[in-house]
Amino acid sequence: LIKSFQTFKNKFWASPSRVLIIFTIGIILPAGLLGYLGFRSFQYEGILLSKQSEQRYAAIADLMQKNANDFFSGLVDSLRVISGFEAFQQWNSPEMIRRLLGTLDIKGFPIKELYVFDEQDQMVVPFHSESHEDSSTAIPKDLDWGPFTDEIHRLERLEFVERNVAEAVKGYSSLRIKTLPDRLQAALLKNIASGYRKMNDWRSAEATYLELTKRFDQFPDPAGYPMGILGRQLLAELYDAAGQNGKALSTRLDLVEGLILSRWGLSASQQTLLLKQVKDAISQQLTRSLGSNDGARSRWTQLQSIQARTDSLRRAAQDFLRSEWPEAIKRLRSQGWLDKGGVLLVDSPTGDLREHELMVFSPIVDPATNRREGLLVAIANGEPVWKAVDTMLMNQAQSAGLKVGWGRSSFVPSWKASLERSIDAVNPPLTFQLFEPISDAQRNFLHRRMWTYGGMIGLSFVVILIGLIVMLQAIQREKENANLKAEFVANVSHELRTPLAAISYIGEKLNLGRYRTQEEVKEFYAMLGEETNHLRELIEDILDFSKMMGGKKVYQRETAQLNSVVQEAYDRFQTKAKAHGFTVSLELPGESVVVTIDRRATGQAILNLLDNALKYSGDSREIRLRLAVSPTEAIVSVQDFGIGIPPHEKDKIFEKFYRVQHALTRDTLGGVGLGLAIVKHIMEGQGGSVTFASETQRGTTFFLKFPRGGYS
Ligand code: ADP
C-alpha cells in the first residue's frame, strides 16, 4: 500500500501543472473565503449596530412618524373646517364662490386654487364642468296643468283673445290658492305679473316680479332659463318703462352679480351671452345718467374686479380638470380617501421635491345625514410645506441627538435602512431615516480599520499572485531544461558515435590489410589520431563541465604572460584550421601582457572560441585572433565573418546545453552546447568575463576580458 502510494505521489508531483492546481486551490480559495468572511463580518457588525440603534430610538422614530402624519392630516382637517361653512352646506354657489375667492390659506400655507366638486365628482364651482350645456337648446316642454288644463285655456283666451286682462289676472290669482306644484305656481306668478304690466299697474307688477324672483329663483321658466334671471330681466324692463333708472340699474347689477357668482349654474356659453347683454345695458345706462348713481358705479367696478378673479379661477380650473384631476381622482379612489380626505403629491417636472405641488382634499359632508355631498380641493405650493416638514423633522431628530434624511420613498437610499419610517398620510408616501451621527474619532477608526483590513487582504492577494507568476516561470524553465538535457544526451551520443565509427572502420581496414600503399597506411594512422583526439576532447569537455557543475573545478591561477597563452592556442589550432581551409591571423601587442590566470583553462577557452568561429563561419574562411590591452584589462578577441547570432538568442547561448537551431549546420558541424558554457565558467572563475558582438550574416566577435593590475 505504502509503495503504491509512493509511486502515486512521485507520479503526481512529477507534473508541475498539477502542483499548480493544488497550489491555487489550496491558497487562493481559502484566501478568497477569508476575504469574503471578513466582508460579511463587517456587514453583520453594521446590522448589529443598526439593530441596537433601532431598539434605542424606535420610540422617537415612531413619535416623529406620528407627528409628520398628523401634520398632513392637519391640512385635511383645516380644509374640512372650510367645507363645513354654511355656504357649502346649503350648496349656495354665490356664497361658495365668495368663499373660494376669500380663502387664501389653510393652516397658514398659501393656496393657489380652491374647487368644489359635487357628489358625482363633477366640478360645480367655479363653473359646472358638465353643466346643463344642452338646456338652452332643449325644446321647452308644455306645462302639464292636470285637472286645471281647461281652466287655464279659458283664462288664456280671456287674456289674449278677448283682451280682458283684469278678469284673467283675477282668474290666475284664484288658481294660486289651490295646492299646485312649484313649477305651475311659478308659471302662474309670471302670468299674473305680466298681466299687471299690461294693465299698467306698476306697483302690483313690481311686487309680483319680486315675489317671483324670490320664491322661484332657481326654477326654470318654460324656455329653460331660471325664473331668477327671467324675473329680473322683466323687472328691469318694467323699471325702464316707469322711468325708474336707479332701480333698473340695481336690478341689472344684481343680475350681473348672480351670473358672475354662478348663482344659476349656467353653462359657460349661456353665461357669457347673458353677461354680455346685461353688461351692455348697464354701461348704456351708466353713460346716460352721468354724474348721478355713484353707489351703482362703485358696485359696478367692484363686480368687474370679482369677475376678473373668477375668470382667472375658471381658467385655472379648466386646466386642472384637463391635466391633473383625472389622475388625482383615481389616486384618491385607490387610497380610499374620498370619504375622509387626504393629501396628494403632484410631481414637478424637475423632480425636485420643493417644486412638487400639494393637493389637499376634504369631503363636504351633510352634518344631518353624515353623507358625503361633494369634495373640496385646495392646491397649495409645495415649497413652504416642505420647509415646514423639514424643520419639524430636523428639530425633532436634533433634540434626540440624531440626524435625519427624508424625501419621496423611491428616492431615499435604502442600504442604510437602520431607522426608517414612512409618512403615508400623503400619497405617494414620504420616507424619513434616522442616523446616529458618527464622531470624528469613530469615523477615523472605521476608516483606519477598513484600510488595514482591505490593505492586508489586498497585499496577500498580490503576494499570492507574485508567487504564482514566479512558480509558473520556474516551471517553464524546468521544462526547457528538461528538453535541453534530452537534446544534450542525443547530441553527445551522436558526437561519440561518429569518431568511434571512423576508428572501428580504420582499425578493421588495417587489421585485414586492406590498403594499397604505405602512404595510405600513414594517412589511416593520422586519421586514427585525429578521431581519437576528437573523442578525447569531447570527453574532456564533458568531464570538465561536470566538474564545473559539481563545483569541483579549481583554477590553478598563476602570474602568466597572456601573449604566450594566445600564441600557444593559435599554434595548436593551425592544423585544424588548415585542414578546413581557414586562414587565421594573429595580432599581438608589442609589450607583454601579464595577468593572473589558469594557463590551461584560458588556453581551452580560446580554443573553444576558435572552434566555434570555425564551425559557424559559413562560407567565410577567415578568422582573426587578437590580444589587446587597456590600462585596466587585457582583451582576447576571436573574430569570424560567419553566420552571426540572432539578437533574440543573445542571452541564451551561454547556457549549458543550449544550441541555436541551425537548419543547415546542425548535422555537419558537431557540438553539444557546452563550449560557451565552459568558456563562461572559466572566465568568471578567474575573475574575468566573456562578451560578444554579432551581426547576422556578417560575423561575430567574442571578447575574453581579464582584469589587470593589483586586483584579481
Ligand atoms: P555548440 O556545441 O553548439 O557549439 P556552444 O555553447 O559552443 O555549443 O555554442 C552555443 C551556440 O552558440 C551554438 O549552437 C551556436 O549557435 C552559437 N554560436 C557560438 N559561437 C558562435 C559564432 N562564432 N557564430 C555564430 N554562432 C555561434
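The values are calculated or read from the model by the stated rules, or taken from the named source; none is laboratory data. None of the values given here were measured: they were computed from a predicted structure. Cβ placement follows ideal geometry from the backbone for every residue including glycine, while neighbour counts extend to all protein chains displayed. Only protein heavy atoms, including side chains, enter the accessible area calculation; ligands, DNA and RNA are left aside. Shrake-Rupley method; radii C 1.70, N 1.55, O 1.52, S 1.80 Å.
A few comments on the model shown:
- Rounded to 5, percent antiparallel among DSSP beta bridges of the chain: 90
- Temperature 4 °C, viscosity 1.567 mPa s: under these conditions the Stokes-Einstein estimate for segment 282-327, based on its Kirkwood radius over C-alpha pairs, is 101 µm² per second.
- The Rg/Rh ratio for the chain, using Cα coordinates for both the radius of gyration and the Kirkwood hydrodynamic radius, is 1.54.
- Using θ = phi - 60° and Karplus 6.51 cos²θ - 1.76 cosθ + 1.60, couplings along segment 445-451 (whole Hz; Gly, Pro as x): 4, 4, 4, 4, 4, 4, 5
- In this view, the solvent-accessible surface of Ser298, computed with a 1.4 Å probe and all protein chains in place, comes to about 70 Å².
- Where Ile438, Ile2, Ile597, Ile643 fall by accessible area, highest first, once all protein chains stay in place (1.4 Å): Ile2, Ile438, Ile643, Ile597
- Per residue, the chain exposes 56 Å² of accessible surface when a 1.4 Å probe is rolled over the protein heavy atoms with every protein chain present.
- Among the listed pairs Lys11/Lys656; Lys107/Lys279; Lys485/Lys578; Lys170/Lys279, those beyond 30 Å (Cα-Cα): Lys107/Lys279; Lys485/Lys578; Lys170/Lys279
- Alpha-carbon gyration tensor eigenvalues x 5, square-rooted, for segment 481-546, Å: 32, 12, 7
- Label point distance in nm, Lys214-Leu275, each placed 7 Å from Cα along Cα→Cβ: 2.9
- Model label points for Lys403 and Met456, set 7 angstrom from Cα along the Cα-to-Cβ axis, are 2.8 nm apart.
- Accessible heavy-atom area order of Arg624, Arg215, highest first, probe of 1.4 Å: Arg215, Arg624
- Put a dot 7 Å past the Cα of Arg514, heading toward its Cβ, do the same for Ala242, and the two dots end up 16.9 nm apart.
- Radius ratio Rg over Rh of segment 201-348, counting only Cα atoms, Kirkwood formula for Rh: 1.13
- Element breakdown for the chain at a 1.4 angstrom probe: carbon and sulfur atoms account for 55% of the accessible area.
- MRE, 222 nm, helices only [DSSP H, n ≥ 4, -39500 (n - 2.57), over the chain, to nearest 500]: -19500 deg cm²/dmol
- Highest-first packing order for the peptide set 374-380, 268-274 is 374-380, 268-274, based on the mean count of other beta carbon atoms within 10 Å.
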